[in-house]
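I have placed the structure first, in the form of structure tokens, so that the comments after it can refer back to it.
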Amino acid sequence: MVSRNDVIHMATAPPASLNEELVNKIAAIIGKSPYETRLRLTGKIPKIIANFDVLSQADSAAQKLRGLGLVVTVVSDSVLRRPWQKFRARSLKFEEQAITFYDRAGQSKRIETGDLFLILSAKMQHETQTEVTKTIKKLNITATLLTGGIPVTKKVEQKEIMKSYQNVNFIRLYGRTSPEPVVEIQQQNFDYSFLGSEMASSASANYVIAVRKISETFPRAIFDDSLIAPFGANMAATMAQDSIEANCKLIYWYHRAVSNTGASLQIQPGFRNPGALNPES
């Protein structure tokens, strides 16, 4: 259910061809200038192009955009930002018509070959904060006064927070009923011993091989790597955690909307499937 105080987002994937006439029509529907509308429709991934306070207004605008051939998602902010219980795989085992993934605690998730809907390959920027103690020289005012103004310094320990950033490659595997991934695999935190004789000398090379093998095991799943390459004005290929989470959900909903299986999937609270006629209760 969408809360009365919840902001409603409307997102769409940038069209393949964006001419002036189409920009003007979209701008009129979402209440933005043509210039701002064009900026919001740059790149390759679904983006939020408008916000509404009332669900009916968002639905009305969405139907008009769909009439122009756009794939549109309407979702509440609470659903878009909702955290999920991560299952981060540490290792895996190939089985007949399935893969079983294991986390560090030994918990497992088994995915049948035909059950996977989407494999999303992405990269995010992980921030690490470390407290360090530095010794600096500081003017000793009392001692300086006693010496008649000759500067006297003293050593003082000062604590500082140092930030470091690391690019993290990962894939997320999605089923057919939820925008929350079933499994996440990060390049730096995975055991590649299952590769056997194919195992390379670097984690990056092993990661590429592992992603290929996983993709081959799920041939019916959509593979999307649009979050790897640069995809728009003022948007880097490596994104912060909060941006990645929202973008992953928008990409999932986009593929669900255009997939033949989309009509039969369970509608998530706060999410309006394209073609849904009545507000969710």
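The values are calculated or read from the model by the stated rules, or taken from the named source; none is laboratory data. Just so we're clear, the structure is a prediction, and the values are computed from it rather than from any experiment. Backbone-built Cβ (ideal geometry, glycine too); neighbour counts: all protein chains shown.
Numbers for the structure displayed
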| quantity | calculated |
| --- | --- |
| Those residues of segment 68-78 which are touching a helix residue (DSSP H, G or I) at 6+ places or on another chain (Cβ under 8 Å) and either within 15 Å of Cys248 (Cβ to Cβ) or assigned to a loop (DSSP other than H, G, I, E, B) (or both), in sequence order | Leu68, Leu70, Val71, Thr73, Val75 |
| Sole residue being assigned to a helix (DSSP H, G or I) and among the hydroxyl-bearing types (Ser, Thr, Tyr), chosen from Ser17, Ser60 | Ser60 |
| All positions within segment 21-76 that are among the polar types (S, T, N, Q), under 19 Å from the mean Cα position of the chain (by Cα) and under 15 Å from Val7 (Cβ atoms) | Thr73, Ser76 |
| Long-range neighbours under 8 Å by Cβ, at least six apart or interchain, first residue part of a helix (DSSP H, G or I) within segment 210-222, second polar (S, T, N, Q) | Val211/Ser121; Thr217/Thr113 |
| Residue that is at pLDDT below 80 and hydroxyl-bearing (Ser, Thr, Tyr), where the choices are Tyr192, Tyr165 | Tyr165 |
| Residue list for segment 2-41, filter: of a type in the set (S, T, N, Q) and surrounded by 17 or more Cβ atoms within 10 Å (Cβ to Cβ) | Thr12, Thr37 |
| Odd one out for Ser264 among (1) modelled with pLDDT of 60 or more; (2) surrounded by fewer than 15 Cβ atoms within 10 Å (Cβ to Cβ); (3) hydroxyl-bearing (Ser, Thr, Tyr) | (1) |
| Single unsatisfied condition, Gly67 versus (1) in the same structural domain as Ala203 (by TED's automatic domain parsing); (2) surrounded by fewer than 17 Cβ atoms within 10 Å (Cβ to Cβ) | (1) |
| Conditions (1) surrounded by fewer than 18 Cβ atoms within 10 Å (Cβ to Cβ); (2) in contact with a helix residue (DSSP H, G or I) (Cβ under 8 Å, 6 or more places away or on another chain); (3) part of a loop (DSSP other than H, G, I, E, B): number failed by Ile45 | (1) |
| Long-range neighbours under 7 Å by Cβ, at least six apart or interchain, first residue charged (D, E, K, R) within segment 113-132, second part of a strand (DSSP E or B) | Lys123/Asn167; Lys123/Val168; Lys123/Asn169; Lys123/Leu227; Glu127/Lys163; Glu127/Tyr165; Glu131/Lys159; Glu131/Ile161 |
| Where a residue in segment 21-36 is over 17 Å from Asn51 (Cα atoms) and its partner, wherever it lies, is assigned to a helix (DSSP H, G or I), with Cβ under 7 Å and at least six apart | Val23/Pro34; Val23/Thr37; Val23/Arg38; Asn24/Pro34 |
| Residue ID - modelled with the lowest pLDDT, chosen from residues in segment 205-235 that are of a type in the set (A, V, I, L, M) and touching a strand residue (DSSP E or B) at 6+ places or on another chain (Cβ under 8 Å) | Ile228 |
| Some residue of segment 86-105 being free of Cβ contacts under 8 Å to residues at least 12 places away in the same chain and of a type in the set (Phe, Trp, Tyr) | no |
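The rows are residues; the columns are (1) in contact (Cβ under 8 Å) with a residue 12 or more places away in the chain; (2) under 18 Å from the mean Cα position of the chain (by Cα); (3) more than 18 Å from Asp103 (Cα to Cα).
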position	(1), (2), (3)
Gly148	no, no, yes
Lys155	yes, no, yes
Tyr165	yes, yes, yes
Leu173	yes, yes, no
Val182	yes, yes, no
Ser193	yes, no, no
Ser197	no, no, yes
Ser201	no, no, yes
Tyr207	yes, no, no
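Per-residue answers, yes or no, for (1) in a strand (DSSP E or B); (2) assigned by TED's automatic domain parsing to the domain that holds Leu250; (3) of a type in the set (A, V, I, L, M, F, W, C):
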site	(1), (2), (3)
Lys134	yes, no, no
Lys137	yes, no, no
Ala143	no, no, yes
Ile150	no, no, yes
Lys159	yes, no, no
Asn169	yes, yes, no
Arg176	no, yes, no
Pro179	no, yes, no
